[in-house]
Amino acid sequence: MRGNEEKRLQRVVASICATLFAAFAFCFVAVYQAPLIEVLYNHVATGKLDFNGYIVGGVISAVLTILALWLNRFAKFQREWTAMAYLPSTLLLAFVTDIDRTLYIGERSYIGWIVIFIVGMLLYAIFSFVLQRVLFEKIKNMAMSANRIIWRNLILFVILFCLAGTLSNGEENLKREALVAVRYSKGDVDGALAVGRKSLDASPQLTAMRAYILAADNKLGERMFEFPQYYGSKGLLPSQVQDSPLLADSVYSLIGAAPSSNEAPMQYLKRVADVDSLGSVAKDYYLSGLLLDRQLVEFKDELARLCGSYNPDSLPKHYREALLLCSEFTDDYSLELESDTLQKMFGRLREVERKYDDALVRNNYVRKEFGKTYWWYFLYGR
């Protein structure tokens with residue numbers, strides 16, 4: 001009778017462990033790491049098949065669970081050690097989701113993962129041998145409640161799941177870049193721009209991707225400073241090394257020309273802005289670069305040179321904000337607008353500044369109310 005109860009308990013424990021691991025693997029692939037998996041999938045499949053995260057997550061979780069169950073036929077992890085059967089599958093799960101920028105560069109070393117697999121499988125074999133030959137002989141006749149066995153397995157799974165999260169790629173900016181690329185490729189412009197919008201962190205690659213999407217939608221001068229800008233005019237353009245989903249050729253095709261060898265970003269943008277046949281995108285990139293580098297007077301002069309006579313009220317939001325700053329800081333220029341809304345907003349900013357003496361408190365209140373304006377970037381941005 002006791003033997004039958006033990007077998008029945010082991011089947012229950014094995015079923016719980018298999019279900020728990022399969023659920024974790026599915027969520028890990030189909031939800032947590034979904035953007036990176038989709039970028040990897042598209043890179044491998046080269047657009048031949050549409051990606052479905054739930055199908056991919058289901059297949060990976062099923063394969064890894066079956067692999068663990070098959071290996072455990074030989075390892076024979078039982079009772080409170082049943083979860084140890086999932087160590088190899090956990091390492092494979094982490095390996096599949098350890099996607100970094102080398103995916104785009106095409107140069108990756110697997111030496112680290114080879115060492116991890118060797119060490120992991122050695123530990124797996126040693127644990128299996130010790131438990132079968134030493135511990136199980138001592139504990140098989142020991143009474144232990146089902147709850148205690150299950151809880152010990154749950155603790156082991158927490159350790160394994162933390163191991164998977166540690167070994168896989170957890171770089172948030174890389175995930176955001178991948179998610180931006182996925183949404184934009186599907187035509188979801190607003191969804192792409194919404195990725196990481198509440199975060200103050202932004203990589204150079206993510207910054208360049210956002211600039212590209214806004215420029216393609218003719219909104220670079222309207223919305224650029226709604227997002228963190230930490231890299232000046234250099235943040236407008238992708239790296240010369242392919243290290244993100246954004247292809248440099250896509251940006252230069254949008255602008256209308258590619259930079260020359262060793263040409264500085266602003267030299268390149270000024271050169272293309274002077275070519276009338278390239279259109280407004282090249283000019284927007286150049287003028288936005290001047291704003292990012294805080295060249296207010298040059299921005300005012302170049303705007304007049306490139307656009308001729310213009311109606312200030314019809315300019316993009318950030319251009320008007322910059323011109324208002326220029327009129328505040330220089331004596332030889334005055335901005336005249338049909339509506340006084342912008343002047344009132346700037347007056348409100350100055351009012352908030354005067355209200356708080358402490359620099360940190362003042363900084364926070366100004367950011368809260370004006371964090372999406374060029375004024376915030378020019379006066380307080382780093």
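Here is how the numbers come out for the structure above:
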| item | result |
| --- | --- |
| Cα-based helix-to-principal-axis angle, 341-355 vs the chain, degrees rounded to 10 | 70 |
| Estimated FRET transfer efficiency when R0 is 35 angstrom, pair Ile55-Asn147 (beta carbons, to 0.05) | 0.45 |
| Centre separation in Å (Cα based) which lies between the stretch 331-345 and the stretch 235-257 | 36 |
| Dipole magnitude of the stretch 174-235 about its Cα centre (Cβ charges: Lys, Arg +1; Asp, Glu -1), debye to nearest 20 | 140 |
| Highest-first arrangement of 117-127, 64-74, where packing means the average Cβ count within 10 Å | 64-74, 117-127 |
| Residue-wise HN-Hα coupling along the stretch 276-281, computed from phi with Karplus coefficients 6.51, -1.76, 1.60 (Hz; x: Gly, Pro) | 4, 5, 7, x, 7, 4 |
| Mean-position separation - Cα centroids, the stretch 155-223 and the stretch 63-83, in angstrom | 36 |
| Gaussian network model of the chain, Cα within-10 Å springs - most flexible of Asp293, Asp301, Asp331 | Asp331 |
| Leading residue at positive end of dipole, the chain (Cβ point charges), from Leu91, Val29, Leu193 | Leu91 |
| Relative contact order for the chain, counting Cα pairs under 8 Å that sit 6 or more residues apart, in percent | 13 |
| Potential lengthening between Ala304 and Val275 on full extension [0.36 nm per residue; Cα-Cα distance subtracted] | 8.9 nm |
| Accessible area of Leu154 in the full protein assembly, 1.4 Å probe (Å², nearest 10) | 60 |
| Highest-MSF residue in the chain out of Val195, Val251, Val352 [GNM, Cα springs under 10 Å] | Val352 |
| Percentage relative contact order, the stretch 257-382, counting C-alpha pairs under 8 Å, at least six apart | 16 |
| ³J(HN,Hα) computed for each position of the stretch 209-216 - Karplus, 6.51 cos²θ - 1.76 cosθ + 1.60, integer Hz, glycine/proline x | 5, 5, 4, 4, 5, 5, 5, 5 |
| Potential extension, Ser199-Asp217 segment - 0.36 nm per residue separation minus Cα distance | 4.2 nm |
| Check: the chain dipole with +1 on Lys, Arg Cβ and -1 on Asp, Glu Cβ, in debye | 2500 |
| With at most 10 other Cβ atoms within 10 Å, longest stretch of the chain clear of loop GluC sites (Glu not before Pro) (DSSP) | 108-335 |
| Dipole magnitude of the stretch 185-305 about its Cα centre (Cβ charges: Lys, Arg +1; Asp, Glu -1), debye to nearest 20 | 180 |
| Listed residues Leu296, Val281, Tyr333: farthest to the positive end of the dipole of the stretch 267-337 (Cβ charges) | Val281 |
| Förster radius 41 Å - calculated FRET efficiency between Ile155 and Val189 (Cβ-Cβ, nearest 0.05) | 0.35 |
| Integer Hz, Karplus 6.51/-1.76/1.60 couplings in order for the stretch 309-315, x for Gly and Pro | 6, 9, 8, x, 5, 8, 6 |
| Where chymotrypsin sites (Phe, Trp or Tyr not before Pro) fall in DSSP loop in the stretch 278-382, at most 12 other Cβ within 10 Å | Tyr310 |
| Rel. contact order, % - alpha carbon contacts under 8 angstrom, at least six apart, the stretch 230-319 | 25 |
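The values are calculated or read from the model by the stated rules, or taken from the named source; none is laboratory data. The shown structure was predicted, so the numbers you read here are calculated from the model rather than taken from an experiment. No Cβ is skipped: glycine too gets one built from the backbone with ideal geometry, and neighbour counts run over all protein chains shown. Side chains included, ligands, DNA and RNA excluded: accessible areas come from the protein's heavy atoms. Shrake-Rupley method; radii C 1.70, N 1.55, O 1.52, S 1.80 Å.
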